[in-house]
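Shown next, in structure tokens, is the structure this report addresses.
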């Protein structure tokens with residue numbers, strides 16, 4: 001494979017090498033100041049490119065900067081844009097201040113370089129000009145990246161050790177401010193806020209009295225209480241929301257209120273004062289466990305029902321997502337099996353008065369939607385639209401891939417011809433000829449380029465084959481959709497969830513009017529009337545067009 005220097009040299013002959021600059025800073029400190037390290041990095045890179053203007057180097061105008069992003073992963077917006085533009089051939093080189101600005105992870109770094117190589121883009125470090133044409137230079141580059149990753153891991157390890165040491169001494173280890181306490185930034189400790197502490201005591205007393213999160217939230221909200229409000233160092237307002245069941249559960253089980261702290265699930269004595277007595281706190285924990293509030297119940301729900309429409313159901317009444325939930329129906333103390341349903345998020349967070357609809361049977365709604373999907377095969381207009389959209393997408397992409405394959409094949413033919421000519425020249429030259437070394441190096445480059453082109457050609461053939469398989473006709477689609485229910489029943493639960501997610505964009509449940517709207521992707525929306533709705537759906541459905 002051609003090296004970065006070789007590729008740069010090739011571009012220099014064309015007297016045009018467009019260079020993009022990438023900069024990164026791990027933290028967001030001092031980003032609002034007049035001059036940051038990002039500005040410094042960019043200036044160094046610009047000066048480096050300017051010094052090579054005589055060789056045809058030119059600056060690409062777009063700025064690729066990731067402020068406040070770690071180099072430990074590639075989930076960075078500017079880096080993603082850089083790689084995307086590299087694939088589109090917008091520039092021929094990427095210039096960085098140091099190797100670790102691109103990545104501190106060896107695997108990610110090599111992956112990025114591979115992307116550059118496959119798209120004919122060179123990578124240059126301003127302060128680490130290592131000659132990657134030699135095996136020693138490539139080894140040094142890898143060692144530098146390994147040391148960057150090692151440094152990052154050591155920093156993380158030292159940070160964890162420091163946090164653990166602070167926790168053992170009872171000191172606060174970070175996190176958002178919590179109601180009842182203020183943060184003494186000078187001494188790095190929690191200080192009781194008297195007014196908020198009274199609200200915390202009332203919160204625990206109310207829950208112990210009502211034994212209900214929703215009733216406790218309602219009592220606190222009616223008195224005008226709210227969650228902790230604070231201002232960040234950047235002068236941004238945070239918090240101040242009304243209480244709901246989720247926030248109350250988090251607060252009621254927080255050991256900060258009994259003078260303790262948690263670090264990595266370990267509870268340790270804190271250096272701050274307690275607001276709530278230990279016996280009241282433990283009494284509340286017992287009530288929370290008895291009422292089923294916690295993660296255990298949620299895990300049981302997820303294991304015993306797949307929830308095909310998870311994240312897809314919306315309540316038409318309160319306009320919130322309907323989230324999976326379950327209950328154990330009881331009659332005279334006897335349990336009659338678990339009931340699964342989708343519940344309005346507003347009811348989950350507040351109480352049952354937050355929405356008139358509240359919930360719908362998961363089994364009935366899912367059966368209704370699956371039945372609707374089965375009926376798609378009977379709708380000729382829908383089938384034809386599926387075929388048309390698939391063929392349009394394939395029709396746009398397939399010619400581009402075929403043209404690229406044609407250009408690549410022509411390029412490979414030219415390369416083979418030049419390589420054969422060089423072999424002929426090499427054979428005619430004497431053993432002491434000064435041309436032999438140049439020709440040998442050139443043939444080595446051709447060999448590497450040939451392997452790269454063959455790999456790309458194989459990838460293109462695979463893409464073309466995949467796109468050609470997507471050439472479908474209406475009869476095949478109609479047949480498959482007509483047998484949808486029969487095929488659907490043979491799938492695993494995980495496969496069913498995936499299939500429904502691919503077909504269904506959104507399900508809007510209108511419990512007040514006994515209607516369901518299903519938005520299919522990328523098909524038109526359709527409303528359906530339900531004949532009855534008494535805690536669930538019935539088998540008879542009548543679908544109407546918009």
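The values are calculated or read from the model by the stated rules, or taken from the named source; none is laboratory data. Predicted model, so just to flag it, every value in this text is computed and none were measured. Quick reminder, even Gly has a Cβ in these numbers, built from the backbone with ideal geometry, and neighbours come from all protein chains shown.
Of all residues in region 1-34, those satisfying the criterion of being over 30 Å from residue 452 (Cα atoms) and either at pLDDT below 70 or not assigned by the TED database to the domain that holds residue 94 (or both) are 28, 29, 30, 31, 32, 33, 34. Considering only residues in region 139-190 that are modelled with pLDDT of 80 or more and under 29 Å from the mean Cα position of the chain (by Cα), the one that is nearest to residue 108 (Cα to Cα) turns out to be 176.
Taking strands (runs of 3 or more DSSP E) as the structural unit, those lying wholly within region 236-322 and holding at least 2 residues that are under 31 Å from the mean Cα position of the chain (by Cα) and either in the same structural domain as residue 368 (by the TED database) or at pLDDT 90 or above (or both) correspond to 313-315.
Whenever a residue of region 325-343 is exposed (fewer than 14 other Cβ atoms within 10 Å of the Cβ), its partners that are assigned to a strand (DSSP E or B) and at pLDDT below 75, lying with C-beta atoms within less than 7 angstrom and at least six residues away or across chains, give the pairs 328/335. Tell me, please, whether a residue that is under 18 Å from residue 513 (Cα atoms) and either modelled with pLDDT of 85 or more or more than 29 Å from the chain's Cα centre (by Cα) (or both) can be found in region 326-343. Taking every residue of region 326-343 in turn, at least one turns out to be under 18 Å from residue 513 (Cα atoms) and either modelled with pLDDT of 85 or more or more than 29 Å from the chain's Cα centre (by Cα) (or both). Quick one: would you say residue 217 is in contact (Cβ under 8 Å) with a residue 24 or more places away in the chain, part of a helix (DSSP H, G or I) and not assigned by the TED database to the domain that holds residue 269? So residue 217 does not fit the description; no.
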